[in-house]
Amino acid sequence: MDNVIPAPVHVGIIMDGNGRWARKRGLVRTQGHLEGLNAAKRITKAASDLGVKYLTLYAFSTENWKRTEEEVNFIMGLVKQYLRSEMDFSRRNKIRVRHAGDFSGLPEEIQKEISDTIADTAGFDGMQVILAINYGGRDEIVRAIKKASADDKSQGITEDIIASYLDNPDVPDPDLIIRSAGEYRTSNFLLWEGAYSELYISDKLWPDWEKEDLQQAINDYQKRDRRYGGVK
């Protein structure tokens, strides 16, 4: 097709539906999160195989602290498990791991796991995986403005100044944001960076996602006509 656009450089994923996946099977919610972790591993490998350069996974939002202590602790344990179990994969594929979100608001042991992984993979030149943990788009913008103000740059503030203080200012804006489980909202994910991202909504629950689902989302994206508010 003449109008096919290149594959997305940066893909963001709102990994939704773990709880519903478990409920449909008569399982506890934590089992759904465990299966969601396995899906995250599959899709990370798939994204690397498909040539995606940046992959942002929405793992835990600033609002998720409202869940039960048991569920929050289980999710934090899964974060630790993901970081450790994927280290060999990261080394083999030269994947660099990064973080987005309010780092200081995380438990100390999780901070250490993330810091160690970031340090261990900092020199890798393959796909970059950004883990959005304790992340909220509004919170990120507020933190960026506070940092700019602390550096005395709040006077005459511009979009470029705010962008330079976001969590990962060198990462290009996401071309494609995917949401599983059929919900039509962005849930405070990459509000600044995703202003002109293409959205892809799948009814499939996150634990059921396979490489073919990511490929389908990318194929759909490549049929879009991206105008960024202008006219071609």
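Just so you know, all these numbers are worked out from the coordinates, no wet-lab data involved. On a predicted model such as this, the values are computed, not experimentally measured, just so you know. Ideal geometry is used to build each Cβ from the backbone, glycine not excepted, and the neighbour counts take in all protein chains shown.
In table form, for the structure just shown:
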quantity	calculated
Residue in region 100-109 that is surrounded by fewer than 21 Cβ atoms within 10 Å (Cβ to Cβ) and among the aromatic types (Phe, Trp, Tyr) present	yes
Contacts under 7 angstrom Cβ, first residue in region 57-78 being touching a residue at least 12 places away in the same chain (Cβ under 8 Å), partner in a strand (DSSP E or B) and among the polar types (S, T, N, Q), 6 or more apart	PHE60/ASN134; THR62/ASN134
Test: residue in region 103-113 that is over 12 Å from ILE130 (Cα atoms), touching a residue at least 60 places away in the same chain (Cβ under 8 Å) and among the small types (Gly, Ala, Ser)	no
Count of residues meeting criterion [of a type in the set (A, V, I, L, M, F, W, C) and either over 13 Å from ASN168 (Cβ atoms) or free of Cβ contacts under 8 Å to residues at least 12 places away in the same chain (or both)] in region 92-102	1
Qualifying helices (runs of 4 or more DSSP H) (wholly inside region 116-232; at least 3 residues being of a type in the set (D, E, K, R) and surrounded by 12 or more Cβ atoms within 10 Å (Cβ to Cβ))	137-150, 211-221
